[in-house]
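Have a look at the structure below, then the notes.
The values are calculated or read from the model by the stated rules, or taken from the named source; none is laboratory data. Model, not experiment: these values are computed from the prediction. So basically every Cβ, Gly included, is an ideal-geometry build from the backbone, and we count neighbours across all protein chains shown. Only protein heavy atoms, including side chains, enter the accessible area calculation; ligands, DNA and RNA are left aside. Shrake-Rupley method; radii C 1.70, N 1.55, O 1.52, S 1.80 Å.
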Amino acid sequence: MSTAWVQIGVVTLFALMCGALAAAWLRGRLGVAAIALFVVACLIWVAAVAAIVSGYHDADGFVDCRDECSSVHYASAVGFLAPPLLISLSAFGMIVVVGQRRRLRRRSINEDDA
């Protein structure tokens, strides 16, 4: 298996999701986008695990297919490896949203006192 294709797929997904979350942040919708990313990543990971466990088109063979890898092997590898990274990215987005809300709340409390 050419791990370069899997790495390119994972890095591309991560970069696209960073861009999507940045665009959502500029529009004030980071919380919704982070939750949507979390749900979609979980669904993709569950689907990849189900394909691997059931042996769908030898999806579990992505570990040792070497020169005989098919698109199913690459898709199952990316579907299994990328979602945990995307889940952590969505968690970071949720932390940013909570930090923004706390900062705004503190600012409004300080303005009320003045």
Kyte-Doolittle mean at least 0.5, axial Cα span of 27 Å or more - DSSP H helices of the chain: 3-26, 30-54
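Please state the relative contact order of the chain as a whole percent: Cα pairs under 8 Å, 6+ residues apart?
Worked out over the chain, it gives 36 percent.
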Dipole of the chain, positive end: most advanced residue of 65, 91, 28 [Cβ charges, Cα centre]: 28
P(r) histogram, all alpha-carbon pairs of the stretch 29-114 included - 5 Å bins from 0, percent: 3, 15, 17, 14, 12, 9, 8, 6, 5, 4, 3, 3, 2, 1, 0
Cys with no candidate disulfide partner in the chain (beta-carbon separation under 4.7 Å rule): 18, 42
Candidates 81, 43, 104, ranked by Gaussian network fluctuation over the chain, Cα under 10 Å, top entry: 104
222 nm mean residue ellipticity, helices alone, for the chain (DSSP H n ≥ 4; -39,500 (n - 2.57); rounded to 500): -29000 deg cm²/dmol
Listed residues 47, 59, 77, most fluctuating in the chain (Gaussian network, C-alpha, under 10 Å): 47
Residue among 41, 51, 23 with the largest mean-square fluctuation in a Gaussian network model of the chain, springs linking Cα atoms under 10 Å: 23
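Using the heavy atoms of the protein chains alone and a 1.4 angstrom probe, what is the accessible area of the stretch 32-114 per residue in square angstrom? Provide the component values of the computation, followed by the final result.
Numbers: 5640 Å² over 83 residues.
For the stretch 32-114, the per-residue accessible area is 68 Å².
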Mean Cβ neighbour count within 10 Å, used as a protection proxy, ranking 62-73, 84-95 highest first: 84-95, 62-73
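Using a probe of 1.4 angstrom, how much of the accessible area of the chain is carbon and sulfur, in percent?
Values: 5130 of 7770 Å².
Reported share for carbon and sulfur atoms: 66 percent.
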